[in-house]
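The values are calculated or read from the model by the stated rules, or taken from the named source; none is laboratory data. This structure is a prediction, so every number in the text was calculated from the model and none was measured. Cβ coordinates were reconstructed from backbone atoms using ideal geometry, including for glycine residues, and neighbour counts include every protein chain displayed. Side chains are part of the model used for accessible areas, which takes the heavy atoms of the whole protein and leaves out ligands, DNA and RNA. Shrake-Rupley method; radii C 1.70, N 1.55, O 1.52, S 1.80 Å.
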Amino acid sequence: MHTAFTLPRIPKARLNDSVYDVIRENILSQVFAPGQRLILEELAQQLGVSMTPLKDALNRLAVEGLIEIVPRRGTYVTGLNRAEIAETFEVRCALEVMAVQKFLERASERELQEIAAMVDQLDELAKATDKSAIYQNYVSIDHAMHHRIVELSKNQRLLAAHEREHTHTFMARARYGTFEESLDQAQNEHRALLDAILARNVPQAQAILTEHIQRAKNSLLGEISEGQA
């Protein structure tokens, strides 16, 4: 019995990219659950495409680590265990520490203000009485802010490596996270990071990022029982 879902039919223009985008979004939004087997014929039928663009998209997603293609067994959405989640946070931390240095060496004032605007958005969300109601939006903006810092490092290899690791932390938080009890602490860290960025203080920004990501890792792992992952 297949899980009920409805996917949009894909127009022929930009076919390969569109198939990739739709499937990736459904993985990140948990429509396709971690560990779920993807039935290729069903996907192709719902999307209104042939197997060729579908397989091209799945190959791209496999390179990103979002799916696993197992010969003679099938195609599965990747699921991360506790050890893998911890490793992902550690790699992400190393990449962001490098990225913030490159970013601050090259950033324009307008780019610094982009980060400031994202921190302001997080501050506004954090004021909500019902924290669970804003969780997914908060995580999305937080994800976008960290991604933008790396993107503004202007190092494409660094960005590609970070996209893979940060996507996995995003998926883990979406799957397991309810909402951090230490939200005020997280916001204090975001504001301190912004202050260091606006001052172009590289060592301080790197130290704050390291502490921030380490705490986020410990917080998430604390929510996952050994039996869940």
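What does the highest-first list of 64-74, 200-210 look like by mean Cβ count within 10 Å? List each step's numbers first, then the result.
On the way: 64-74: 13.2, 200-210: 16.9.
Descending packing order for the listed peptides: 200-210, 64-74.
Based on C-alpha pairs under 8 angstrom that are at least 6 apart in sequence, the chain has a relative contact order of 23 percent. Considering only Gln121, Ala62, Gln30, and ranking their Cα positions along the charge dipole of the range 25-130 that arises from unit charges at the beta-carbon of Lys, Arg, Asp and Glu, the one farthest toward the positive end is Ala62.
How many percent of the accessible area of the chain is carbon or sulfur, using a 1.4 Å probe? Looking at the chain in its full context, I get 51 percent from C and S. With a Cα cut-off of under 26 Å and a minimum spacing of 8 residues unless on different chains, the lysine pairs in the chain number 5. A Cβ-based charge dipole, computed about the Cα centre of the range 62-133 with Lys and Arg at +1 and Asp and Glu at -1, lands at about 400 debye.
For the chain, the mean residue ellipticity at 222 nm estimated from helices alone is -22500 deg cm²/dmol, where every DSSP H run of n ≥ 4 contributes -39500 (n - 2.57) and the total is divided by all residues, rounded to the nearest 500. Rounded to 0.05, the FRET efficiency of the Arg82 and Ala33 pair, given R0 = 22 Å and the Cβ-Cβ distance, is 0.80.
Can you give the relative contact order of the range 97-173 as a percent, counting alpha carbon pairs under 8 Å and 6+ residues apart? Please list the in-between numbers first.
Working: 46 pairs, mean separation 32.7, N = 77.
Reported as a whole number, the value is 43 percent.
With the simple spin-label model, which puts each label point 7 Å out from Cα in the Cβ direction, the Arg215 to Gln185 separation comes to 0.6 nm.
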